[in-house]
Amino acid sequence: MSRFTLVLPALLLFAPALSAQQPSTPTPQKTPTYAAIPVEAIKQPNPVKFTPESITRAKKWWTLDCAMCHGKDGNGKGETAQDMKLTLADFTDPATLKDRTDGEVFYIIKNGHNDMPPEGPRVKTEENWDLVNYVRSLAKKKTDAEQKPQ
Ligand code: HEC
């Protein structure tokens, strides 16, 4: 009798829930309220430094999983977003994510939100943080104050 006998059925129970996340019914609630994000998640510091390497690693995932909605440059005008009639925030505007912590952005990418699909287990934890850095890198730098790290 091995421990797997217990672990395996538990995993099988979760697997369909993870793969069935594609939005099938449109959610009526459109206003992004991220109140459900746990405080610990919000406070979680970004363990991955904002470096060119991190940005390069993230670019692959951004192109594969995000650009179709958020747009290649992050302006929110990706083709899929237009097809789905989604109005997305403009990440090229530094004001957009100014008040969000890296932990919050990480959580949103990991778990999704309303019409935003979860990245889930598709990327490693470190790559998920790379994506946080990437999203930040999209902001057009206007002043030095905007570039201050969290
Ligand atoms: C199917 C289209 C779609 C895809 C693909 C998608 N997003 Fe989103 N994203 C959204 C929508 C819609 C919202 C707004 C969520 C809401 O209204 O609750 C959002 C919100 C966000 C936010 C929060 C913005 C804010 O208001 O603070 C971040 C950060 C984000 N997305 C990053 C990403 C990243 C990184 C990827 C790729 C891993 C990605 N998204 C893929 C549709 C998408």
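Some values worked out for this structure:
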read-out	value
Trypsin sites (Lys or Arg not before Pro) within segment 96-143: DSSP coil, no more than 14 neighbouring Cβ in 10 Å	Lys98, Lys124, Lys140, Lys141, Lys142
Global form of segment 50-141, assessed from the alpha-carbon gyration tensor, a/c cut-off 1.5	rounded
Burial order of peptide ranges 65-77, 40-52 (average beta-carbon count within 10 Å, highest first)	65-77, 40-52
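Computed from the coordinates by the stated procedures, all read-outs in this text should not be read as laboratory data. This one's a predicted model, so the numbers in the text were calculated from it and none came from an experiment. So basically every Cβ, Gly included, is an ideal-geometry build from the backbone, and we count neighbours across all protein chains shown.
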